[in-house]
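Visitor: Submitted below is the structure of interest, expressed as structure tokens.
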Amino acid sequence: MNRLIYSLMLALLTPLIWLYFIFRGIKDSDYFSGFGERLGFAPKLACESVIHIHCASVGETRAALPLVKKLLQLYPEHDLLITCTTPTGKQEIRNFIQHLGEKRIKLIYLPIDWIGACNRFIERVKPQLSILIETELWPNLIFSLKRQAVPILLANGRMSDSAMQKYFKLAHFSQSFFSKIDRVMAQYQEDSEHYLRLGVAFDRISICGNIKYDLEISAQLIEQQQALRNQWSEHRPCWIAASIHPAEFSIVLKAHKELLQRFPDLLLIAVARHPERFFELKKTVIQHSLNYVLRSQNQTPSSQHSVIIGDTMGEMMQFYGAADVAFVGGSMIGHGGQNPIEPAACGLPVVMGPSYYNFSFVAQEMQNLGVLNIIEAPLPDAQTATLSQAVSRLLGDHQALLDSEKASRQLFKNNQGALEQTLQAVDQLLTK
């Protein structure tokens, strides 16, 4: 009955759902593509052995990439079908596929969570296993998978207390689909306890840590990072403001102007969280009277340029390699922060604002090891000053940069292993 009510509500919301896609499509034309896929009209795959992996957007996509690489190696007879929900996530995955040159990966949008669309998707794809990344739990998708006896694995599972409370408002309905998940690979003890309370059986939950710590820094990536450093920042200090949101643009740029008073040749790499915000970031840089170059135009910054606007997709890890200090966005506003693990993987000291609940356990350990610096100031003016001070202190202390690189290596040594445990769960579900 609860599922019927949920599905009826989705049906009633259909006009609003289409209006949402039209509105987003006006701002980003990529939203107009793939309508058939969103209705469940997935291409029929030639391969009969398919592993489905769902990554909602960029963050989940980056978390899934080490897993995708290993699945390709371990299951040569299988095709991988990756689904996502946003154009940015799709572009990230497309860049990854092109980089690998792998023809066994197919990429489409996940259908909207209507019963018909989900059933159509499963019947056309016929996956042997469905892997959902982090928090991507769509009730009708889960019901449709179980209707077709497809095992479900939740990889890198996280569940904040606030998210759990929302599910608890519809406890009976939530438990009806949580109980159908065959295996949950939870990041931490708290996540495990939340999934248990929501209806996942105790013997189906494993605590394995965060798969993002299994990020691979390849020799090719190191070479690309060094090339950018040689081109941009070989003889000048550099910091990066990564995945920043519009409300953070001015905070970062004002802090940069303060930093230029102490470090006149300082370079800032500014990267907006979403590509539709690239132009807005450019406008804000101009409003602050800062000279800039665009990464998309492959310009080398001169001594007169103090900002590089990272207006390309899939190059964040290269950008980190050209910087000395990283500020991670989504943390000066109530967004919960973006991923601080990636800059730490590149040996950078990391600065974040007071909102980091998406990575609370990660942040705690990074802070304990001296990798992460938290700015507690709640108001924009104070945030500008404290951000400037934190970055200035790090840039002015060469030993602090070396210590952070050493601490980052220890951080990853302490936390790797989630990928291996996840692969063991994949094997068990495929062979049972």
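Visitor: Pro43 passes all but one of (1) surrounded by fewer than 19 Cβ atoms within 10 Å (Cβ to Cβ); (2) assigned to a helix (DSSP H, G or I); which number fails?
Guide: Result: Pro43 fails condition (2) only.
Visitor: How many residues are modelled with pLDDT under 95 and either surrounded by fewer than 20 Cβ atoms within 10 Å (Cβ to Cβ) or farther than 14 Å from His52 by Cα (or both) if we restrict to the range 121-135?
Guide: 5
Visitor: Additional query: For the range 261-272, indicate whether the set of residues that are in contact with a Gly (Cβ under 6 Å, 6 or more places away or on another chain), under 29 Å from Gln383 (Cα atoms) and buried (at least 17 other Cβ atoms within 10 Å of the Cβ) is non-empty.
Guide: In the first step, residues of the range 261-272 are kept if they are in contact with a Gly (Cβ under 6 Å, 6 or more places away or on another chain); the result is 269, 271.
Pick out the ones that are also under 29 Å from Gln383 (Cα atoms) and you get 269, 271.
Filter again for buried (at least 17 other Cβ atoms within 10 Å of the Cβ), leaving 269, 271.
Yes, the range 261-272 contains at least one residue that is in contact with a Gly (Cβ under 6 Å, 6 or more places away or on another chain), under 29 Å from Gln383 (Cα atoms) and buried (at least 17 other Cβ atoms within 10 Å of the Cβ).
Visitor: A further question follows. Within the set of pairs 6 or more residues apart or between chains, which connect a residue that is among the basic types (Lys, Arg) inside the range 14-39 to a residue that is assigned to a loop (DSSP other than H, G, I, E, B) and surrounded by 11 or more Cβ atoms within 10 Å (Cβ to Cβ) with Cβ atoms less than 7 Å apart?
Guide: Correct list of pairs: Arg38/Pro111; Arg38/Ile112.
Visitor: Now a separate question. Can you pull out the residues in the range 1-58 that are in contact with a strand residue (DSSP E or B) (Cβ under 9 Å, 6 or more places away or on another chain) and within 17 Å of Trp138 (Cα to Cα)?
Guide: Glu37, Arg38, His52, Ile53, His54, Cys55, Ala56, Ser57, listed by residue number.
Visitor: Still on this structure, I have one more. With the condition kept exactly as written, say whether any residue in the range 35-53 is on the phi < 0 side of the Ramachandran plot, under 20 Å from the mean Cα position of the chain (by Cα) and in the same structural domain as Gln128 (by TED's automatic domain parsing). Talk me through it step by step, then tell me what you get.
Guide: Kept after step one, since they are on the phi < 0 side of the Ramachandran plot, are these residues of the range 35-53: 35-39, 41-53.
Now narrow it down to the ones that are under 20 Å from the mean Cα position of the chain (by Cα): 52-53.
Now narrow it down to the ones that are in the same structural domain as Gln128 (by TED's automatic domain parsing): 52-53.
For the range 35-53, residues on the phi < 0 side of the Ramachandran plot, under 20 Å from the mean Cα position of the chain (by Cα) and in the same structural domain as Gln128 (by TED's automatic domain parsing): present.
Visitor: Does Arg295 satisfy the condition of being surrounded by fewer than 17 Cβ atoms within 10 Å (Cβ to Cβ) and farther than 24 Å from Gly336 by Cβ?
Guide: no
Visitor: While we're looking at this one, here's another question. Is it the case that the range 266-276 has a residue that's over 21 Å from the mean Cα position of the chain (by Cα) and either without any contact (Cβ under 8 Å) to a residue 60 or more places away in the chain or at positive phi (or both)? Steps first, answer last, please.
Guide: Taking the range 266-276 and keeping what is over 21 Å from the mean Cα position of the chain (by Cα), we get 266-268.
Keeping just the survivors that are either without any contact (Cβ under 8 Å) to a residue 60 or more places away in the chain or at positive phi (or both) gives 267-268.
Among the residues of the range 266-276, at least one is over 21 Å from the mean Cα position of the chain (by Cα) and either without any contact (Cβ under 8 Å) to a residue 60 or more places away in the chain or at positive phi (or both), which makes the answer yes.
Visitor: Next question. Just the residues that are in contact (Cβ under 8 Å) with a residue 40 or more places away in the chain and either touching a helix residue (DSSP H, G or I) at 6+ places or on another chain (Cβ under 7 Å) or outside the structural domain of Gln175 (by TED's automatic domain parsing) (or both), please, taken from the range 92-116.
Guide: Listed by number, the residues that qualify are Glu92, Phe96, Arg104, Ile108, Tyr109, Pro111, Ile112, Asp113, Trp114, Ile115.
Visitor: Only one of Gln367, Gln389, Gln424 is farther than 23 Å from Val58 by Cβ, at pLDDT 90 or above, out of contact with any Ser or Thr (no Cβ under 7 Å at 6 or more places or on another chain) and assigned by TED's automatic domain parsing to the domain that holds Leu129; which?
Guide: From the options Gln367, Gln389, Gln424, the qualifying one is Gln424.
Visitor: Could you please find all residues in the range 112-143 being outside any helix (DSSP H, G or I) and touching an Asp or Glu at 6+ places or on another chain (Cβ under 7 Å)?
Guide: Ile133, Glu134, Glu136, Trp138 - these are the residues of the range 112-143 that are outside any helix (DSSP H, G or I) and touching an Asp or Glu at 6+ places or on another chain (Cβ under 7 Å).
Visitor: Turning to a different aspect of this structure: Within the range 46-85, take every residue that is among the hydrophobic types (A, V, I, L, M, F, W, C) and over 22 Å from Glu420 (Cα atoms) and give me the one that is surrounded by the fewest Cβ atoms within 10 Å (Cβ to Cβ).
Guide: Ala46
The values are calculated or read from the model by the stated rules, or taken from the named source; none is laboratory data. Here the structure is a predicted model, which is why all the values come from computation and not from measurement. Note: ideal-geometry Cβ built from the backbone for every residue, glycine included; neighbour counts use all protein chains shown.
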